[in-house]
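Engineer: Quick one: the structure is below, and I'll ask about it shortly.
The values are calculated or read from the model by the stated rules, or taken from the named source; none is laboratory data. Predicted, not measured: the structure shown is a model, and the values here were computed from it. Heads up, the Cβs are rebuilt from the backbone with ideal geometry, glycines too, and the neighbour counts pull from every protein chain shown. For the accessible areas, the whole protein counts, side chains as well, though only heavy atoms, and no ligand, DNA or RNA atoms are used. Shrake-Rupley method; radii C 1.70, N 1.55, O 1.52, S 1.80 Å.
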Amino acid sequence: ETTKLVITRDSMLLSELIHAQDSCILIVTPEIRELQDIESNLRKLRGEDILSLGTELSAYLTGVPQRQWERETRNLMTMKCRETSSDLLICSQIDILFEPELLLDPLALFQSWSRIKRLLVLWPGTIQDGKLSYAVPEHAHFRTWQQLDTSILDWQTQHIYHKFSHLT
């Protein structure tokens, strides 16, 4: 079965992001369906260069004692960044990183891993009033960040906040 890429404004924007030189770009939207569509379009553009973190990490951590989950999560992602032959690693289904049992700061992790490999991250949340959020306030794992050292595309407004720019 072949997949047909229909050139749209969205696919053109995704193609631009793939070729951008930023070390880490977050594509942010609160709409899970939009993230799924973006992932589908990226698969058409990039093939298998997408790391579905939920799938990979849950399988990797099976059988690992909970006290080692934080370290093993870091190890897996470092390994994936180094193993990928492409110059870009696209990360999707990142929700697992927000599980309290993992004791992680997902934004800091992506920024750290982007020193090894350029990253494009599909982030379920919003960027508003200078704050990046994960999920919606009603969600049990809702979190916000104000110190943003990464480039962010607000998918809904199509506005790009470049690294080091003030978001207010």
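Engineer: Go through Val64, Val28 for me and flag whichever is over 15 Å from the mean Cα position of the chain (by Cα) and open to solvent by less than 80 Å² (accessible area, probe 1.4 Å). Give the steps one after another, and end with the answer.
Structural biologist: Numbers: Val28 fails: over 15 Å from the mean Cα position of the chain (by Cα).
One residue alone meets the criteria, Val64.
To keep it simple, each residue is scored yes or no on (1) modelled with pLDDT of 85 or more; (2) touching a strand residue (DSSP E or B) at 6+ places or on another chain (Cβ under 7 Å); (3) surrounded by 14 or more Cβ atoms within 10 Å (Cβ to Cβ).
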{"site": "Leu120", "(1), (2), (3)": "yes, yes, yes"}
{"site": "Gly125", "(1), (2), (3)": "yes, yes, yes"}
{"site": "Lys131", "(1), (2), (3)": "yes, yes, yes"}
{"site": "His139", "(1), (2), (3)": "yes, no, yes"}
{"site": "Phe142", "(1), (2), (3)": "yes, yes, no"}
{"site": "Asp149", "(1), (2), (3)": "no, no, no"}
{"site": "Ile152", "(1), (2), (3)": "yes, yes, yes"}
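Engineer: Any idea which of Leu104, Leu35 is in a loop (DSSP other than H, G, I, E, B) and surrounded by 17 or more Cβ atoms within 10 Å (Cβ to Cβ)? Don't jump to the end; show me each part of the working.
Structural biologist: Details: Leu35 fails: in a loop (DSSP other than H, G, I, E, B).
Sole residue among the options that is in a loop (DSSP other than H, G, I, E, B) and surrounded by 17 or more Cβ atoms within 10 Å (Cβ to Cβ): Leu104.
Engineer: Count, please, the residues in the range 76-101 that happen to be under 19 Å from Val28 (Cα atoms), open to solvent by less than 30 Å² (accessible area, probe 1.4 Å) and assigned to a loop (DSSP other than H, G, I, E, B).
Structural biologist: 0
Engineer: Which of the residues that make up the range 107-125 are part of a loop (DSSP other than H, G, I, E, B) and touching a Leu at 6+ places or on another chain (Cβ under 6 Å)? Break it down stepwise before answering.
Structural biologist: Applying the first criterion (part of a loop (DSSP other than H, G, I, E, B)) to the range 107-125 yields 114-117.
Of everything in the range 107-125, just one residue is part of a loop (DSSP other than H, G, I, E, B) and touching a Leu at 6+ places or on another chain (Cβ under 6 Å), namely Lys117.
Engineer: Considering Thr55, Thr73, which residue is open to solvent by 80 Å² or more (accessible area, probe 1.4 Å) and more than 24 Å from Gln156 (Cα to Cα)?
Structural biologist: Numbers: Thr73 fails: open to solvent by 80 Å² or more (accessible area, probe 1.4 Å).
Sole residue among the options that is open to solvent by 80 Å² or more (accessible area, probe 1.4 Å) and more than 24 Å from Gln156 (Cα to Cα): Thr55.
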